[in-house]
Every structure is written in structure tokens, then in C-alpha cells.
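The values are calculated or read from the model by the stated rules, or taken from the named source; none is laboratory data. Here the structure is a predicted model, which is why all the values come from computation and not from measurement. Quick reminder, even Gly has a Cβ in these numbers, built from the backbone with ideal geometry, and neighbours come from all protein chains shown. Remember, those area values only see protein heavy atoms, side chains included, never the ligands or the DNA or RNA. Shrake-Rupley method; radii C 1.70, N 1.55, O 1.52, S 1.80 Å.
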2 protein chains.
Amino acid sequence: MSVQEAAVDNGVNVGAILEARDALSATPEAARFKWRASSRWIGGTHSQHRVGDFFGLGAEQQRDKSFTFETDHPELFASEDRGATPVEVVLVGLAGCLSAGIASVAQNRGIQLRSVKATLEGGMDLQGILGIDSDVRNGFDGIRVNYEIDADASEDEIAALVAQSQKRSAVFDIITNPTDVHVAVAKA
Amino acid sequence: MSVQEAAVDNGVNVGAILEARDALSATPEAARFKWRASSRWIGGTHSQHRVGDFFGLGAEQQRDKSFTFETDHPELFASEDRGATPVEVVLVGLAGCLSAGIASVAQNRGIQLRSVKATLEGGMDLQGILGIDSDVRNGFDGIRVNYEIDADASEDEIAALVAQSQKRSAVFDIITNPTDVHVAVAKA
């Protein structure tokens, strides 16, 4: 092991990622994943959600755990505030995706991270979702993400980490580009 | 109170929402909200996130609590699986937004809900994020949402609830239409 390899450890197994990249280049059908969530309405604007199994590498993948979430609207909207609002949850997904990418790119480039912090803010004009003005969109009118990163690297190298993470981020793509959503309904 | 009003209770205060709509029609600047999240990298692909205060009705809005989230990548990617993947978190946000809308629209239309369940699945070809094929997008190639709803209403009325919720959903809009994301970086 070289000094460089011993010195930089962001907790990302870049070797495994590069191996996966080679393996999936050879068998592209294995690269087709399906990510899932299930959801149950509790009452009012409050719902509970669960994330567990997914499909990938050509097979159902069972986790040994599941992750639960609650969403609601705040008291300001006469709701119970029993969970984050769904749009705040989207900001969480964006932060998680960009930060995982930053750590992975840093590892690949031999840059030791000491801390990575982000604040995110999405503006929204409620005239959209309330149906007051049909020219106002329902979603965010834009999102600002501010990263503050402490790392053994120059400002330019740190900026390049974040730029590369954006370029390969699934959630950044989902938010900045259109994705088709098909909703089906059955009466129970 | 009429029999109809007494009979239908989905836990949504539609009166308050309609009052807010009237109030915000008169003072559109109060309708400009800012939703926020903050995020801290823990190690590897694992991050912790917090949702708390937001801005709206022309003022900073303090919650009496905050909501925390963890995101990570699964063991399949040589990660620790300490939280849902960021793209699964986006599915949670979509479910939460659509279900809150369904409950609100049902209340407004005098339809009693008994149960609302959803399953969501987003397809993703990892050749995108792994940089194997630049023609493959990083994000979902599409999302399918399946609702199963038990309510005092016909199949057509139930389908119309879901359609109206989609029409007014912030997260549905965020996913199906492009949103500008500006990322700034500072060296700590």
C-alpha cells in the first residue's frame, strides 16, 4: 500500500465501484435497477412511508432492514406537523445524492475530506398549489445549495469535486430534467 | 352543521385552506415560501440531514421540533446501508405529496376516505451514474405510482381525486418538469 492510499480514506470503496463499473459495462442488463417505496395514509395530510427491497443486478435485492419516513404539512396550514413536508424531503434527497458523490469523487481523486456541510433552500410561490394563479408553478421556482467543505485540496479542486458530483448525480438529474410519472388508481 | 359535514372527516381542515387561499390572493407576497434542509456528511456515502425552520407569510417560521433523515447507499455498492438511497427518498416525497393532496381534495368534495395506499417504483439504468454510457441519464427513466384507495365514492370519483392531486402537487411538478438548481461551494 502506498503512502497516498494509506493517507486518504473517505470511507468510500472506490475499488468496488470501479469493479462494478467494469462488470456492468460487460453486462448492461444487470445495470437496470428498480427503486421502490410504499406509502400509507394516516389521516389529514400525514402519511407513513417505507423503503426496503429493490431490484438490481438482475435479481430482487433484500435488505436486512427497512427505513421509515413520515410526511405531513406544518401547523401553519392547519395540519399536525408530524413529519417534514414532501418538498423538504426532496431537498434531503438532493443533499444526500450530491454529498455521496462528493465523497466518492474525492476518494477517486485522492483528496481527503474532513467535513462536508450543505444548506439547501427551495423557493415556492404557494399561489401555484393553491390554484390562485395558474401561471405560477406548483413546485420550486429554483433551489440553492451551499456547500462548505473542509478538505486537503485547493478551492479549485474542491469546486471541481462538487461539479463532478452534480454531473453524475441521479437526484440532481431528476430535479433539473423532466421525468415521466405514471399514476394508476384502483378502488380497494 | 349538515349531515354531509358531520359524515365526512379526512382530518383535513379545508376551511382553513380556503381561508388561506383567500388571504394569499389578497397579499401574494405572503405566498412566497422558502423550504430548507441542512446536511452533514458522516463518512463514505452516508449523510445526516435536518429539516426545521422555513420562511412563509412574510416571516421566519419556527417549528417546535425538527426532523432528521439519514441517506446512504446499499451494501451492494460496498456501502454501509445506513439510510435509504437518495433516489428512494425522492419517491417518499412524491408519495407524501400526492397522498396529502388526495386527502385534501377528498375532504373538499365530501368524499370519506377509509384507506389510501401507494407503491412507487422508479427505474434507473446505472450505466448513467457510473459513466458507462453518456446517452443514459443519471436519474429515473420513469416512475410508476400505484394507488389503492378505499373510499365512499365511485371508481371514477376516486380516479378524479388522484388526477386533481397530481394537478396541484408540488413534488409531481418538481419531478415531471425541470427546476433550476444552483450549487455554490466554499472552502471551510
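Beta-bridge orientation, chain B: approximately 95 percent antiparallel, per DSSP, counting only bridges with both partners inside. Rounded to the nearest 20, the Cβ-based charge dipole of chain B about its Cα centre (Lys and Arg +1, Asp and Glu -1) stands at 680 debye. When the residues A:Lys65, A:Lys117 are ordered by accessible surface, computed with a 1.4 Å probe over the protein chains alone, the sequence from largest down reads A:Lys117, A:Lys65.
The eigenvalues of the Cα gyration tensor, multiplied by 5 and square-rooted, give the range A:27-82 an equivalent ellipsoid with semi-axes of 34, 11, 7 Å from largest to smallest.
The alpha-carbon atoms of the protein assembly as shown define a convex hull whose volume equals 138 cubic angstrom per residue.
Leaving out same-chain residues fewer than 8 places away, which aspartates and glutamates sit with a Cα under 18 Å from that of B:Lys34? B:Lys34 reaches A:Asp72, A:Glu75, A:Asp81, A:Glu88, A:Glu121, A:Asp125, A:Asp141, B:Asp53, B:Glu60, B:Asp64, B:Asp173, B:Asp180. Applying 0.36 nm per residue to the separation of A:Lys167 and A:Thr119 and subtracting their alpha-carbon distance, the gain on full extension is 15.3 nm.
Using a 1.4 angstrom probe on the protein heavy atoms only, line up A:Ile42, B:Ile111 by accessible area, largest first. Spell out each step's value before the answer.
Numbers: A:Ile42 70, B:Ile111 15 Å².
The residues order as A:Ile42, B:Ile111, largest area first.
Report the normalised scattering of the range B:89-164 as log10 I(q)/I(0) at q = 0.17, 0.21 Å⁻¹, calculated by the Debye formula with identical scatterers on the alpha carbons. With one equal scatterer per Cα and no solvent, log10 I(q)/I(0) is -0.68, -0.87.
Helix hunt in chain B: which complete DSSP H runs extend at least 20 Å axially by C-alpha with mean Kyte-Doolittle at least 0.0? Long hydrophobic helices here: B:86-108.
Heavy atoms only, probe 1.4 Å: what % of the accessible area of the range B:32-188 goes to carbon and sulfur, would you let me know?
About 43 percent, which is the carbon plus sulfur part of the accessible surface.
Per 0.36 nm of contour for each residue apart, how much would the distance between A:Glu155 and A:Ala59 grow if the chain were fully extended, relative to their Cα-Cα spacing?
Working: separation 96, 0.36 × 96 = 34.56 nm, distance 4.24 nm.
That pair, A:Glu155 and A:Ala59, stretches by 30.3 nm at full extension.
When the helices in the protein assembly as shown are scored as -39500 (n - 2.57) per DSSP H run of 4 or longer and the sum is shared across all residues, what 222 nm value do you end up with, to the nearest 500 deg cm²/dmol?
Numbers: 10 runs with 122 residues, N = 376.
-10000 deg cm²/dmol, from helical runs alone.
Expressed to the nearest 5 percent, the antiparallel share of DSSP beta bridges inside the protein assembly as shown is 80 percent. Chain A contacts chain B over a buried accessible area of about 11100 Å², both sides summed; the probe is 1.4 Å and only protein chains count. Computed over chain A, the Cα gyration tensor eigenvalues convert (square root of 5λ each) into semi-axes of 34, 24, 16 Å, ordered from largest to smallest. The range B:49-90 and the range B:112-167 have Cα centres separated by 21 Å.
Summing Lys, Arg as +1 and Asp, Glu as -1, what charge do residues with Cβ under 12 Å from the Cβ of A:Val12 carry, A:Val12 excluded? Don't skip to the end; give the middle numbers.
On the way: positive: A:Arg109; negative: A:Asp9, B:Asp72, B:Glu80.
Its environment carries a net charge of -2.
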